[in-house]
Amino acid sequence: MATSARDRSATSKASRLAAIVAGIAVVVLLAVGASAFGALADGHRETNGPRGGNGPHEGFSHEGGSHEGGPGEGSPRGGFPHEGGSHEGSPHEGFPGRGAFADQVVFDGSQLQHTTPGGSEPLTKPDDITFLDGHVFVAFQNGVGPQGEASSTGNLDSTVVELDPAGHPVSQWDIVGKCDGLTADPATGQVIATVNEDANSSLYTIEPEVGVAHYTYSEPLPSDGGTDAISIYRGMILISASAPGTTGLPAPQPTYPAVYQAQLDASTHVASIQPLFGDESTATQANAGAGATVTLGLTDPDSNEDVPFYAPRFAGDFMLTSQGDQEQIFVSEPGGPHQSLSVLSLSSSVDDTAWPSVPWGALYVTDNDGDTVNRITGPFWPGSVFVADTPCDENSAPSTCPGPGYPPNFLGQLNPWTGTITPVSLRGPAVEPQGMLFLP
């Protein structure tokens, strides 16, 4: 079932009005908090201590260490872990016992079915998530393998589901392959999906009022891998070059792209690609106290995002997460003559990243193992950075995972100056975040 053009137009107008109101609120909030963010930034640029906890007003507690001064201590606007404390044991220990964030399930894959060779099956394995015209779109992978292999029941299709913000299903579309990347292009009114992140990749567009179109890439992928996350950055379609070396030399290689820029030809259904930067490009080390020029060695390009204008650091950049390498690469002026890269080393592996814009919004997250879409409410502080922490996706993770020192996925808060991730305590059902989206 699909919504009508009139309904979508009304929804779109309402969404634009809400966005204007939210934008005004953000400006006011940022004006009030500018001095606090400035002081915090200066403090983090000047220090590079061990990992610690943060002030009590963000809903965290700190275990296994001490609070000894540092930027943001005791500040309701701090939002980031302060320096100067200690954090004993595993990088994934020290979960807070109390939090101000509430979690609830808004959609369960078992609520819908899709057709397979063996009959109808419930939807499973939600992954990426996006937003268009007031609705949320979620990709359910349904057990398909990373190169498009059939599930244990013979299923070959992922399902993209359209939900209203309350989690009520509106429409659904099956696409062949494992959907690991999903975004929306407001300029065209299309949802764009990539399938098969390790090899045999291709791309789909979904126009909710029209249907599905399948695109093949214009050439064999020069990364000898697949494609994953997608972002629309100032009109450019940017796609992660995932699983480099699957069918060739092991990554990293100087010839392997890390991100592709794609152009879609609707008449031929061909997606032309060209590299944005490579797995061994040069970047500036961005962690506090660093600044050296380094050569990247990316082995796991995965998620990507557009950093919003209100972010406390890297505002306006395009960001690639190299998940197993525990790094985020920030691209200033992507595709232009002055393109430059910065790399932030992280204390853990992450999947999606989100920057809340207003206190009263919500994080929509997918739980791949739980087959659910969850809604996490704050209050949030605009400009804080949240991540889906994925310990079992680190390159160092054991073959049997979760395990000691490598817990299941959890929601974390990222310090964008040091790369430290602090677990966030939630009230409500257990959730293991993977895809993530903030909506005001």
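What residue, among those in segment 151-170 that are aliphatic (A, V, I, L, M) and in a loop (DSSP other than H, G, I, E, B), is farthest from A362 (Cα to Cα)? Steps first, answer last, please.
Applying the first criterion (aliphatic (A, V, I, L, M)) to segment 151-170 yields 156, 160-161, 163, 166, 170.
Subset that is in a loop (DSSP other than H, G, I, E, B): 156, 166.
Details: L156: 33, A166: 11 Å.
Going through the qualifying residues, I end up with L156.
Only one of (1) out of contact with any helix residue (DSSP H, G or I) (no Cβ under 7 Å at 6 or more places or on another chain); (2) of a type outside the set (A, V, I, L, M); (3) surrounded by 19 or more Cβ atoms within 10 Å (Cβ to Cβ) is not met by D174, so which one is it?
So the condition that D174 fails would be (3).
In segment 318-335, what residues are under 15 Å from D306 (Cβ atoms) and not in a strand (DSSP E or B)? Show your work before the answer.
Going residue by residue through segment 318-335, those that are under 15 Å from D306 (Cβ atoms) are 318-321, 328-335.
Within segment 318-335, E333, P334, G335 meet the criteria.
For A271, state whether it is modelled with pLDDT of 95 or more, in contact with a Ser or Thr (Cβ under 9 Å, 6 or more places away or on another chain), within 22 Å of S158 (Cβ to Cβ) and not in a loop (DSSP other than H, G, I, E, B). Step through it out loud before you land on a result.
On the way: modelled with pLDDT of 95 or more: yes; in contact with a Ser or Thr (Cβ under 9 Å, 6 or more places away or on another chain): yes; within 22 Å of S158 (Cβ to Cβ): yes; not in a loop (DSSP other than H, G, I, E, B): yes.
Yes: the conditions hold for A271.
Kindly evaluate V331 against the criterion of being in contact (Cβ under 8 Å) with a residue 24 or more places away in the chain, surrounded by 20 or more Cβ atoms within 10 Å (Cβ to Cβ), under 23 Å from D228 (Cβ atoms) and not charged (D, E, K, R).
Working: in contact (Cβ under 8 Å) with a residue 24 or more places away in the chain: yes; surrounded by 20 or more Cβ atoms within 10 Å (Cβ to Cβ): yes; under 23 Å from D228 (Cβ atoms): yes; not charged (D, E, K, R): yes.
Spelling it out, V331 is indeed in contact (Cβ under 8 Å) with a residue 24 or more places away in the chain, surrounded by 20 or more Cβ atoms within 10 Å (Cβ to Cβ), under 23 Å from D228 (Cβ atoms) and not charged (D, E, K, R).
Just name the residue that is surrounded by the fewest Cβ atoms within 10 Å (Cβ to Cβ) out of those in segment 137-164 that are closer than 29 Å to P186 by Cα, out of contact with any Pro (no Cβ under 8 Å at 6 or more places or on another chain) and of a type in the set (D, E, K, R).
For segment 137-164, the residue satisfying everything is D164.
Pick from segment 405-424 the residues that are among the small types (G, A, S) and at pLDDT 95 or above: which of them is nearest to L346 (Cα to Cα)? Let's see the steps before the verdict.
Initially, segment 405-424 is screened for residues among the small types (G, A, S), giving 405, 412, 419.
This time we only want the ones that are at pLDDT 95 or above, so: 412, 419.
Values: G412: 12, G419: 4 Å.
Checking each candidate, the answer is G419.
Given the structure, is G211 more than 21 Å from the chain's Cα centre (by Cα) and surrounded by fewer than 24 Cβ atoms within 10 Å (Cβ to Cβ)? Please lay out each step first, then the result.
Details: more than 21 Å from the chain's Cα centre (by Cα): yes; surrounded by fewer than 24 Cβ atoms within 10 Å (Cβ to Cβ): yes.
Judged against the criteria, G211 is a match.
For (1) more than 13 Å from L439 (Cβ to Cβ); (2) of a type in the set (F, W, Y); (3) surrounded by fewer than 24 Cβ atoms within 10 Å (Cβ to Cβ), each residue gets a yes or a no:
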position	(1), (2), (3)
H338	yes, no, yes
S342	yes, no, yes
S349	yes, no, no
W381	yes, yes, yes
V387	yes, no, no
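The values are calculated or read from the model by the stated rules, or taken from the named source; none is laboratory data. Keep in mind it's a predicted model, so treat the numbers as computed, not measured. All Cβ positions, glycine included, derive from the backbone under ideal geometry; neighbour counts span all protein chains shown.
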